[in-house]
Amino acid sequence: MRRQWRRWLSGPKHGLARSHIVYGVSRHPDPEQLHALLGHYKNLQEWTRLQDFDLDPIPENLALLDEAIDRLIEEHGDWASRQEADLTAAAEDPAVLDAAIGQFIEEHSRQTPMSTVESDAGLFVGTVIISTIHGAHWRLWPNGHPVVRLAHGRDLDVIALAHDRLHSGQPRLAAIYADAAAAAEPDNQ
């Protein structure tokens, strides 16, 4: 009785898709087609090269990416503190405040390392899981949001988990993989 109200409510059953949506494919695309669409993370690879390592879809690289994300979070936090201090100091003079706000908007109108990592980290984690854990594959929720379906039927919203990693520091990408790998073991099914 409790879920009956949902039947008459139109629209996707999983809410809005986060940052990535797949459209233009059949209602139930096959996993290989989704892997071809979602298995690319070029911006993340370019960023990791700047961090002095190459990104291959293997579990060991998740720990390297976690370390690089920790550095990025620390740098981003320092930068945000400096921006706040600059805006606070500029608040005394309206002309200086206008210039500071203009500079802030200009800097945020282009893609930052944080947005680059955030947009591709979930796709990378999903690709690692799919490449190394038997039975895992990409699946679309009814709203077009891609998730990883493990062999026993559990969906992992790797994009949301990667978003949480970048904004709260947890869960670590390596821990997401370890959880998926543990769930895929025959004893846990």
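No lab work stands behind these numbers, since they all come straight from the coordinates. Everything numeric in this text was worked out from a predicted model, so none of it was measured. We place every Cβ from the backbone using ideal geometry, glycine too, and count neighbours over all the protein chains shown.
For S115 and D52, FRET efficiency with R0 = 25 Å and r from the beta-carbon atoms, rounded to 0.05? Working from the Cβ atoms, E equals 0.75.
How high is the FRET efficiency between A183 and E32 when r is their beta carbon distance and R₀ equals 30 Å, given to the nearest 0.05?
Step by step, r from the Cβ atoms, then E = 0.85.
With the simple spin-label model, which puts each label point 7 Å out from Cα in the Cβ direction, the A160 to E60 separation comes to 3.3 nm.
Multiplying the residue separation of A99 and H134 by 0.36 nm and removing their Cα-Cα distance gives an extension gain of 7.1 nm.
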